[in-house]
Structures are given as C-alpha cells and as structure tokens.
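One structure is given here, and the rest of the page talks about it.
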Amino acid sequence: PDDHRPEVDLPYPTWGEPMPDVSFRDPLADERVRLAETGRPTFVTFFFTRCETVCPGLVGALRNVQTAAVNGGYAEDVRFLPVSFDPERDDAERFRAYAGEMNVSLDAGDWRFLRPEGVDAAEAKINGEFGIGFEKASTEGDGYMFNHLPLVLLANADGYVERAYTGASPNPRTLREDLKEVRG
C-alpha cells in the first residue's frame, strides 16, 4: 500500500525505494560492504565518531536494538551499518575505540562501521545518494565538526527501505517493533 509513501519529495530514500547500490569499506574486516546487498533486515545511519550532538543518539539507538537482538536470539538475522562521513579521522583504530565508548559489541551479530574511501567519495555517496547534506564546520583551534541530517534507514531483506527515521534520538522501542514487523 502507498500509505507509507510521503507526499513530498525527500532528499533521502524512503518507503518502497531501493537502498542505493553503493559500497563502503569496513576497515575492521578490511572488506567492502554493499548497502543494497542485504539478505536480511538492515539498519543504516550516517555519523562521525567525534560528534557531540546527534550521532551518539543515532548509534546508541542502534546499539539498543543490537542488544535486544542478541538477547532475543536473532542477532544474526539483522545487520547494522553505521557509515561515517569523516574518512580523514574515522579509521579502524578509531572505530574500535568508539565501539568501546558506545558499548557496541563488534562480535555480536553483524555490526560494521563503514567509511568511504575519501572526502570526494563521502560527498558523492553520502550526500549524493542518501541526501544527508553533511557540511564541514570549523570549531575552535584547528578542529572541525559536521552539520548533517540525522537519519536512520531500515531496509528489508530485499533491499527496499521500509522506514526512514529522522531526528536526533530515534526511539529504540519503535526501532525494535518496526524490525519485528520487517522480519515477519
């Protein structure tokens, strides 16, 4: 039914649209991961590890779903793919540290921190294909942060978006309930 489809044209993939067929590197496993190749329900979000505003809420919500999946015995039936748009700083070492900071289990189920190959790839894939609209913003000293749309996507096993959540802190209970529905 088309009752889930928004009436406005949004910059990011929404209900019934295919997950963009792009790939990113998983530096922890040293392999490429295609987002459109799901085979099981998949959560995707976009973040950077040095974020002090919305990103911890996005990753934390997915971590809560991961914990429920582990406790419920279906951790292998769902993928979690947080994608960084800060390839200059987010590497394997930083992802390992961030997993510890966020209490994410890298050994439970299929959680993969992903990153584009460089700044140009981040712009083309994350802004171009997903409409996140991230922009680098200078901070005090020589640091930088990013302004961006907070977004979590839930795709079904066939690679079609079932839900798109915007906002700084998606409700983990809603994510779990929607995952249950998508899992069937």
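With r defined as the distance between the Cβ atoms of N103 and A36 and R0 fixed at 22 Å, what FRET efficiency is calculated, to the nearest 0.05? Let's see the in-between values first.
Details: r = 29 Å, r/R0 = 1.32.
Efficiency, rounded to the nearest 0.05: 0.15.
Of all DSSP beta bridges located in the chain, what percent are antiparallel, nearest 5? Walk me through the numbers on the way to the answer.
Numbers: 19 of 28 bridges.
Here the share of antiparallel DSSP bridges comes out near 70 percent.
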Stokes-Einstein D for the stretch 143-184 at 25 °C, 0.890 mPa s, Kirkwood Rh over Cα pairs, in µm²/s?
210
Carbon and sulfur: what percent of the stretch 51-184's accessible surface (1.4 Å probe)?
42
Radius of gyration and Dmax for the stretch 14-85's Cα atoms, expressed in Å?
13.0, 33
Within the chain, which complete DSSP H helices have Cα atoms spanning at least 20 Å along the helix axis and a mean Kyte-Doolittle hydropathy of -0.5 or higher?
55-72
When the Cα centres of the stretch 167-184 and the stretch 81-146 are compared, how far apart do they sit, in Å?
22
Please sort by residue number the GluC sites (Glu not before Pro) in the stretch 28-87 whose DSSP state is loop and whose Cβ has at most 16 other Cβ atoms within 10 Å.
E37, E52
Evaluated at 37 °C with a viscosity of 0.692 mPa s, what Stokes-Einstein diffusion coefficient in µm²/s does the stretch 74-169 have when Rh comes from the Kirkwood expression over alpha-carbon pairs?
219
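For the chain, report the accessible area per residue in Å² (1.4 Å probe, heavy atoms, rounded to an integer). Could the numbers behind the result be given before it?
Numbers: 8840 Å² over 184 residues.
Counting only protein heavy atoms, the per-residue value for the chain is 48 Å².
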Taking amide H positions as placed in the peptide plane 1.01 Å from N, state which residues far from Y160 in sequence (5 or more) or on other chains have amide H under 5 Å from it.
M19
Between G118, G73, G143, which gets the highest mean-square fluctuation from a Gaussian network model of the chain, Cα cutoff 10 Å?
G143
Amide proton proximity set for D110, modelled H, under 5 Å, gap of 5+
V78, F80
Kindly identify the stretch 84-139 as rounded, prolate or oblate by the Cα gyration tensor criterion: order the square roots of the eigenvalues as a ≥ b ≥ c, call it rounded if a/c is under 1.5, otherwise compare a/b with b/c, prolate if a/b is larger, else oblate.
prolate
Along each of its three principal axes, how wide is the spread of alpha-carbon positions in the chain, in whole angstrom units, largest first?
50, 38, 28
Go ahead and estimate [θ] at 222 nm for the chain from helices alone: -39,500 (n - 2.57) per DSSP H run with n ≥ 4, summed, over the residue count, rounded to 500.
-7000 deg cm²/dmol
Treating only Lys and Arg (+1) and Asp and Glu (-1) as charged, each at its beta carbon, one finds that the chain has a dipole about its Cα centre, in Debye to the nearest 20, of 500
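The values are calculated or read from the model by the stated rules, or taken from the named source; none is laboratory data. Computed from a prediction, not measured in an experiment: that's the story for all the values here. Cβ sites come from the backbone with ideal geometry, for glycine too, and all protein chains shown count toward neighbours. These area figures cover heavy atoms from the full protein model, side chains too; ligands, DNA and RNA do not enter into them. Shrake-Rupley method; radii C 1.70, N 1.55, O 1.52, S 1.80 Å.
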